[in-house]
Structure formats: C-alpha cells, structure tokens
Amino acid sequence: MTVEFISVGTEILLGNIVNTNAAYLSEQCAALGLSCFHQSVVGDNEERLDEAVRKALSRSDILILSGGLGPTKDDLTKEVVAKVFGKELYEDGRTKERIQDYFRRVHSDQVTPNNWKQAMVPEGAKVVDNHNGTAPGLILEENGKTVILLPGPPNEIKPMFERDIAPYLNELQPEGIYSKMVKICSIGESKAETMVADLMDEQTNPTIAPYAKTGEVHFRVTAKASDEEVAEQLFAPLLEELSRRFGDKIYTTREEVTLEAAIVSLLEEKKMTMTTAESCTGGLLAGRITNVPGASNVYKEGYITYSNDAKERLLGVKRETLVQYGAVSPQTAKEMARGAAKAAGADAALSVTGIAGPGGGTPEKPVGLVYVGCYVKGHVRVEEFHFTGNRDKNREFAVARALTLLREELLGTK
C-alpha cells in the first residue's frame with residue numbers, strides 16, 4: 001500500500017520550525033511496510049490545501065496530514081478534508097469532555113470558546129483520543145481511501161501514532177509488518193555494516209537495514225508475517241546470527257530502550273550508583289541519564305565543572321595537574337572521574353573534558369579533542385577522542401562515547 005504525507009502550516013514553509021514530523025512519519029511507515037512516493041508542505045490556505053488533498057488521494061491509498069487541527073481560524077485541515085469527502089461536522093461529546101478535562105488538569109478553569117472548535121469532527125470519522133493535548137486525531141475511510149489527521153506538536157503526534165495509528169495501519173495490510181531494532185554500541189557504522197554485508201545481500205524475509213545514530217549503529221530487522229508469533233519465528237535465526245557476530249556490543253533489541261536506559265538497568269542489576277563530572281558537555285551527559293525513568297535509583301548527583309577553579313574545589317583536581325597538563329588532558333579527566341566518585345560516594349563516575357569549539361583549539365590540542373574518564377570501583381580508564389563536527393555534534397558524540405565507555409567498564413569488556 002502507498003502512503004503520502006502532507007504537513008500543514010505556514011510556519012513550516014517560512015522555516016520558523018523544522019518539519020520533524022515528516023521524518024518521523026516516514027520512518028514509522030517504512031517500518032510498517034508502506035511505500036511513500038510523495039510528501040508535501042502546504043501553508044494555512046484553504047484553496048491550496050484542498051488541491052493538495054485531492055491530488056494526494058488520486059495517487060495514494062493512505063493520506064496522513066499533520067497539523068492544522070488547533071483552535072484558531074487558520075487551522076483548516078479538518079474542515080478541508082470534510083469538504084473533500086462531502087461530510088458535515090458535528091460536535092463530538094466525548095472529545096468536548098476530554099478538552100474540558102485537559103484544561104482542568106493544567107489548572108485553567110477558563111476554556112476560551114474557540115477551543116470547542118477542536119471538538120467538531122466529520123461525520124463517520126473515527127476519533128483518536130489525544131492523551132497529551134486537546135485536538136483529537138481523526139481517521140476517515142471512503143471509497144478505498146484512508147485519510148488520517150494528526151495534531152502537529154511532536155509531543156502529541158508521536159505517542160498518538162505509536163499507541164493508535166501504527167496498530168491501525170498494520171491491520172490494513174494483507175500481512176502484518178513486524179520489526180525489531182537491534183541496537184549496537186562500541187563499534188563504528190562502516191565496520192558494523194561490513195560485518196552484516198552478506199546477510200543484507202541474501203535477505204528476503206526478514207530483511208535488515210542499518211541506521212547510523214550518534215555514537216551508535218541500529219539495525220532494523222523487519223518481517224512480513226500473518227501474525228506476531230510467525231514473525232518471531234522468522235526473526236529468531238537472524239537475531240541469533242547478529243548476536244553471534246556482535247556479542248555484548250548489542251545493548252538491546254527493543255525499540256524503546258536507549259543506551260542510557262540500558263546503562264541504568266545495568267547499574268540497577270549490579271546494585272551500583274554513579275555520578276558525572278562534566279566540563280565541555282555542560283550537563284548534557286547528566287541530562288541523558290536523568291531522562292531515564294527510575295534513574296534516581298542509581299544516579300546520585302552531578303557536577304558541571306567548567307572552570308579550573310570548580311575542578312579543584314568540587315572534584316579535588318590538583319592545581320599542579322591543571323598547570324602542567326591543562327584542563328583538557330587525560331590526567332585531568334582521570335582526576336575528575338576519581339574526584340567525582342569520591343565526592344558523591346558513588347561506585348562509578350564519568351568525566352568529560354575537551355574543546356568543543358568553534359574556538360579555543362591549538363595545534364597541540366585542536367577543536368574536537370575530548371578526554372573521557374570512567375571510574376568503576378577504584379579503577380579509572382581514560383579514552384582520547386578526536387571529533388570533527390560543529391560544537392553541538394562534538395558535545396553529542398562526547399556524551400555518546402562516555403555512555404559507551406561506562407557500559408564497557410560495567411560489563412568488564414573493552
């Protein structure tokens with residue numbers, strides 16, 4: 001089946017916001033086995049949106065629109081789609097109650113009249129509850145075509161798609177599309193892909209596709225099957241082979257599990273605690289870890305020691321170390337990690353110090369030079385990295401490498 005996306009909003013056309021929804025929907029629908037040949041962005045204009053919807057329906061089985069479902073006058077998506085299908089709008093009582101409840105939960109007793117516009121739905125539409133906002137999702141089926149309307153905010157569209165839309169789309173296929181995500185760290189993208197080149201050459205069902213992530217490599221294994229049980233049987237030999245080739249470099253085969261979540265689970269399993277000491281990453285590492293639900297069970301506290309004075313005062317880094325070797329050095333990274341563990345009373349600690357850029361580099365210590373220290377129960381390992389991206393990328397890669405280093409040390413591997 002073919003799927004097409006229309007992102008609605010003049011702010012996207014003007015570049016005021018980045019159209020992350022299109023990338024997200026493309027990836028999700030591809031994983032479901034749907035083919036996408038067209039995507040478009042349309043501003044908040046009734047005539048142009050009407051034209052785009054009709055054209056999309058003339059060539060695609062499924063049309064997904066995101067945005068334009070809000071309370072303002074320029075939110076036209078629902079009205080245009082209803083017009084195309086020749087449907088009247090009516091007030092959905094359940095949606096009105098949910099909108100009222102939403103405002104009550106955010107402690108706003110005053111619901112402005114224009115918000116009730118979001119409770120108006122086309123005749124015959126399936127209403128998809130929005131658990132993170134006010135505008136519901138909608139599904140219309142007519143003459144073999146399916147139109148799905150989703151809210152624009154990413155924090156609304158993603159949970160709605162995963163909870164309700166993906167299972168719905170899966171049922172439209174004559175056979176279901178099932179997938180597993182094999183997530184790998186401690187190995188580069190090119191080497192990882194080389195290690196599975198023969199599997200990719202021979203693939204039929206299931207298939208395997210690589211995805212490069214910051215500091216990680218993900219392989220999506222996808223199978224077409226009549227049901228989940230059959231899919232699991234198809235997955236088994238390939239997953240076993242990937243496990244044989246990559247070993248403990250695989251940190252999960254679950255889509256929702258992140259590297260930091262896997263590390264938090266590993267620390268819980270080992271009944272260990274951790275802390276962080278950051279210079280150039282300025283709290284990004286601590287943020288990744290504390291984003292994990294339950295991280296408070298293992299993460300004690302963190303230190304952002306951007307200045308030399310902070311490194312001395314909070315972490316006990318020796319002044320002579322800073323004078324002789326500099327803040328960006330393996331010696332300082334080692335003392336930062338050891339000092340953080342001691343200060344926090346933690347079993348493990350990560351330290352990061354480097355030159356993120358764009359300035360501050362020298363021929364001896366260029367931009368992108370980063371040292372990561374990892375302390376685990378008395379032992380400290382320091383790794384040197386040379387990143388070549390901009391400031392943001394250098395910091396992101398430093399965080400990813402730090403997490404990978406901690407996992408390696410916790411597993412007792414290198």
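Structure above, values below:
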| read-out | value |
| --- | --- |
| Test: residue in the range 277-299 that is outside any helix (DSSP H, G or I), among the acidic types (Asp, Glu), modelled with pLDDT of 95 or more and open to solvent by less than 10 Å² (accessible area, probe 1.4 Å) | yes |
| Condition broken by Asp44, with the remaining ones in (1) free of Cβ contacts under 8 Å to residues at least 24 places away in the same chain; (2) open to solvent by less than 60 Å² (accessible area, probe 1.4 Å) satisfied | (1) |
| Selection within the range 266-279 - over 10 Å from Ser351 (Cα atoms) and touching a residue at least 12 places away in the same chain (Cβ under 8 Å) | Leu266, Leu267, Glu268, Lys270, Met272, Thr273, Met274 |
| Any pair with Cβ under 6 angstrom, 6 or more apart, that starts in the range 351-362 at a residue that is open to solvent by 10 Å² or more (accessible area, probe 1.4 Å) and ends at one that is among the β-branched types (Val, Ile, Thr) | Gly354/Val328; Gly354/Val370; Ile355/Val328; Ile355/Val367; Gly361/Ile355; Gly361/Val367 |
| Residue match in the range 9-16 (condition: in contact with a helix residue (DSSP H, G or I) (Cβ under 7 Å, 6 or more places away or on another chain), surrounded by fewer than 22 Cβ atoms within 10 Å (Cβ to Cβ), over 22 Å from Val128 (Cβ atoms) and at pLDDT 95 or above) | no |
| Which listed residue is touching an Asp or Glu at 6+ places or on another chain (Cβ under 9 Å) and basic (Lys, Arg), from Lys300, Lys311 | Lys311 |
| Residues that are over 14 Å from Leu242 (Cα atoms) and not in a helix (DSSP H, G or I), drawn from the range 163-208 | Gln173, Pro174, Glu175, Gly176, Ile177, Tyr178, Ser179, Ser186, Gly188, Thr204, Asn205 |
| Selected residue (only one of Tyr303, Tyr251 is over 25 Å from Asn390 (Cα atoms) and surrounded by 15 or more Cβ atoms within 10 Å (Cβ to Cβ)) | Tyr251 |
| Cross-chain or 6+ apart pairs with Cβ under 6 Å, the range 95-112 first and touching a residue at least 12 places away in the same chain (Cβ under 8 Å) and more than 13 Å from Pro71 (Cα to Cα), then part of a loop (DSSP other than H, G, I, E, B) and β-branched (Val, Ile, Thr) | Tyr102/Thr134; Phe103/Val111 |
| Restricting the range 254-272 to residues that are open to solvent by 30 Å² or more (accessible area, probe 1.4 Å) and modelled with pLDDT of 95 or more, the residue that is nearest to Phe219 (Cα to Cα) | Thr258 |
| Residue within the range 210-229 that is more than 26 Å from Phe397 (Cβ to Cβ), open to solvent by 40 Å² or more (accessible area, probe 1.4 Å), modelled with pLDDT of 90 or more and in a strand (DSSP E or B) present | no |
| Any hit, the range 115-125, residues being surrounded by 15 or more Cβ atoms within 10 Å (Cβ to Cβ), out of contact with any Ser or Thr (no Cβ under 8 Å at 6 or more places or on another chain), free of Cβ contacts under 8 Å to residues at least 40 places away in the same chain and within 23 Å of Val53 (Cβ to Cβ) | yes |
| Residues of the range 70-104 that turn out to be surrounded by fewer than 18 Cβ atoms within 10 Å (Cβ to Cβ), aromatic (Phe, Trp, Tyr) and in contact with a strand residue (DSSP E or B) (Cβ under 8 Å, 6 or more places away or on another chain), as a count | 1 |
| Top-ranked residue in the range 336-350 [being touching a strand residue (DSSP E or B) at 6+ places or on another chain (Cβ under 8 Å) and open to solvent by 20 Å² or more (accessible area, probe 1.4 Å); ranked as farthest from Lys300 (Cα to Cα)] | Arg338 |
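The values are calculated or read from the model by the stated rules, or taken from the named source; none is laboratory data. Please read these numbers as outputs of a predicted model, since none were measured by experiment. A quick note on method: Cβ atoms are made from the backbone with ideal geometry, for glycine too, and the neighbour counts reach across all protein chains shown. When the accessible area is computed, the model is the full protein with side chains, heavy atoms only, and any ligands, DNA or RNA have been set aside. Shrake-Rupley method; radii C 1.70, N 1.55, O 1.52, S 1.80 Å.
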